[in-house]
Amino acid sequence: MPNARIAGMGMYVPDNVVTNDDMTKLVDTTDEWIRERSGIHERRFINEECGASDLALEATKIALEKANMSADEIDFIIFATLSPDYNFPGSGVLLQDKLGLGKIGALDVRNQCSGFIYGLSVANAYIRAGIYKNILLVGAEVHSTGVDFSEEGRHIAVLFGDGAGAAIISATDEERGVLSTHLHANGAKSMELCLINPGSRKIPRYYDGIWDDGTLYPQMNGREVFKHAVTLFPKVIKEALETNGFTTEDINLLVPHQANMRITEAVAQRLKLRPDQYFSNIHKYGNTTAASIPIALYEAIEEGRVKDGDLVILAAFGSGFTWASAAIRW
Ligand code: ACO
């Protein structure tokens, strides 16, 4: 049975840097409020019309180059996003077309912040089953055009940024790659972090008042998210370690979903991790949801923080609630 390894990674963020001071022109906030609560200094916003698939294309080009591979070697696409170009079809088929990949399958994953790890678990299963050899897995988001910059939405608007990350997951006979994935969800908490409309529950779907009741923008119970994140992140990381007979001492690098620096620090503290054992770049990009793990992993590799043979742990928590982890022998 082959193993599934990450053969190359790429990332792309728009050029437009929006600092916290720039944010004060869009929303009633301060640099101090944002930094203290989230660790974010700046994020990227698109400044021309484009969708998640456009950002994903740029990240994919770099991932292919790093994997030393051409696009026509990809035999399946998995696209994780909560901000698809259109309600339907999914962004996966748009990316497939942009890459000129004719008839290969494209699967969209709707697991928000956990989307990249959910996608990785699918890629791992397909590769281990011998169905595909080179899977393109992307996480890409355009948040900036979909958040509420009014007082009701400002606690959310300041946290998110646009960007994309891509990974080529390839079959290998070597003793390396994905060791395990663990996926969890608790739909009872679905309304704690959600974007309700336009949704299929309403008749008519576009009802009078839809513009005024806030349901066209993301809604978040920040304290509930924080409380669950700081307990479920450590739990799912320990699950990954225990399944493979490791302890926290064995972690070379934890790359968590970049939700909020306070969450990452609380998780690291609970697991008693040294600063060199975890990675954060939220100060530069804010929270890019499904794109945050591949963007962070790409930068960690580029900074020389991931070496052959290292134990890399990926972990995520987010809307759903969903949470997940992956253990990778690099
Ligand atoms: N700028 C300035 N003031 C603000 C802002 C803002 N952007 N947003 C809210 N405030 C004000 C509120 O109006 C309130 O004012 P008041 O005390 O006069 O009523 C005050 O700040 C506190 O508001 P809260 O919403 O209670 O803010 P809290 O201290 O809980 O912090 C936050 C909000 C940062 C979202 C916090 O709950 C948190 O860290 N939650 C974790 C959620 C998270 O990080 N989610 C990331 C996305 S989800 C994911 O990826 C898992």
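Going through Asn252, Asn244, Asn281, Asn287 one at a time, which residue ends up being touching a strand residue (DSSP E or B) at 6+ places or on another chain (Cβ under 6 Å), polar (S, T, N, Q), on the phi < 0 side of the Ramachandran plot and within 16 Å of the ligand (Cβ to nearest atom)?
Matching residue, one of Asn252, Asn244, Asn281, Asn287: Asn287.
For the range 31-56, which residues satisfy the criterion of being open to solvent by less than 20 Å² (accessible area, probe 1.4 Å) and within 9 Å of the ligand (Cβ to nearest atom)?
Ile34, Ser38
From the set of residues in the range 13-30 that are touching a residue at least 60 places away in the same chain (Cβ under 8 Å) and open to solvent by 50 Å² or more (accessible area, probe 1.4 Å), which is nearest to the ligand (Cβ to nearest atom)?
Checked the range 13-30; the qualifying residue nearest to the ligand (Cβ to nearest atom) is Asp28.
Given the conditions (1) surrounded by fewer than 19 Cβ atoms within 10 Å (Cβ to Cβ); (2) aromatic (Phe, Trp, Tyr); (3) in contact with a Ser or Thr (Cβ under 9 Å, 6 or more places away or on another chain), and given that Phe246 satisfies all but one, which numbered condition is not satisfied?
Only one criterion is unmet by Phe246, namely (3).
Would you mention how many residues in the range 213-229 are within 9 Å of the ligand (Cβ to nearest atom) and not in a loop (DSSP other than H, G, I, E, B)?
9
Which condition number in (1) in contact with an Asp or Glu (Cβ under 9 Å, 6 or more places away or on another chain); (2) among the β-branched types (Val, Ile, Thr); (3) open to solvent by 30 Å² or more (accessible area, probe 1.4 Å) is the one that Ile78 fails?
(3)
Could you tell me which numbered condition Tyr118 fails, if it satisfies all but one of (1) among the aromatic types (Phe, Trp, Tyr); (2) more than 16 Å from the ligand (Cβ to nearest atom); (3) within 30 Å of Thr231 (Cβ to Cβ)?
The failed condition is (2).
Answer yes or no: is there a residue in the range 86-103 that is among the acidic types (Asp, Glu) and open to solvent by less than 50 Å² (accessible area, probe 1.4 Å).
no
With the structure loaded, tell me whether Ala300 is of a type outside the set (Val, Ile, Thr), touching a Ser or Thr at 6+ places or on another chain (Cβ under 7 Å), modelled with pLDDT of 95 or more and under 22 Å from Met11 (Cβ atoms) or whether it fails that test. Please lay out each step first, then the result.
Numbers: of a type outside the set (Val, Ile, Thr): yes; touching a Ser or Thr at 6+ places or on another chain (Cβ under 7 Å): no; modelled with pLDDT of 95 or more: yes; under 22 Å from Met11 (Cβ atoms): yes.
Against the criterion (of a type outside the set (Val, Ile, Thr), touching a Ser or Thr at 6+ places or on another chain (Cβ under 7 Å), modelled with pLDDT of 95 or more and under 22 Å from Met11 (Cβ atoms)), Ala300 does not qualify.
Among the residues of the range 57-69, how many are open to solvent by 50 Å² or more (accessible area, probe 1.4 Å) and outside any helix (DSSP H, G or I)?
Summing the residues that are open to solvent by 50 Å² or more (accessible area, probe 1.4 Å) and outside any helix (DSSP H, G or I) in the range 57-69 gives 1.
Scan the range 141-186 residue by residue and report those that are under 18 Å from the mean Cα position of the chain (by Cα), buried (at least 23 other Cβ atoms within 10 Å of the Cβ), of a type in the set (Gly, Ala, Ser) and in a strand (DSSP E or B).
Gly163, Ala164, Gly165, Ala166, Ala167 - these are the residues of the range 141-186 that are under 18 Å from the mean Cα position of the chain (by Cα), buried (at least 23 other Cβ atoms within 10 Å of the Cβ), of a type in the set (Gly, Ala, Ser) and in a strand (DSSP E or B).
Could you look through the range 255-278, keep only residues that are more than 16 Å from the ligand (Cβ to nearest atom) and assigned to a helix (DSSP H, G or I), and pick out the one that is surrounded by the most Cβ atoms within 10 Å (Cβ to Cβ)?
The extreme case among them is Gln277.
Any residue that is surrounded by fewer than 22 Cβ atoms within 10 Å (Cβ to Cβ) and of a type in the set (Phe, Trp, Tyr) - is there at least one of those in the range 111-121?
Among the residues of the range 111-121, not one is surrounded by fewer than 22 Cβ atoms within 10 Å (Cβ to Cβ) and of a type in the set (Phe, Trp, Tyr), which makes the answer no.
Tell me, please, whether a residue that is within 28 Å of Leu57 (Cβ to Cβ) and touching a Cys at 6+ places or on another chain (Cβ under 9 Å) can be found in the range 294-309.
No: the range 294-309 contains no residue that is within 28 Å of Leu57 (Cβ to Cβ) and touching a Cys at 6+ places or on another chain (Cβ under 9 Å).
The values are calculated or read from the model by the stated rules, or taken from the named source; none is laboratory data. Values in this document were obtained by computation on a predicted structure and should not be read as measured data. Don't worry about glycine lacking a Cβ; one is built from the backbone with ideal geometry, like all the others, and counts go over all protein chains shown. The accessibility values were calculated without ligands, DNA or RNA, using every heavy atom of the protein model including side chains. Shrake-Rupley method; radii C 1.70, N 1.55, O 1.52, S 1.80 Å.
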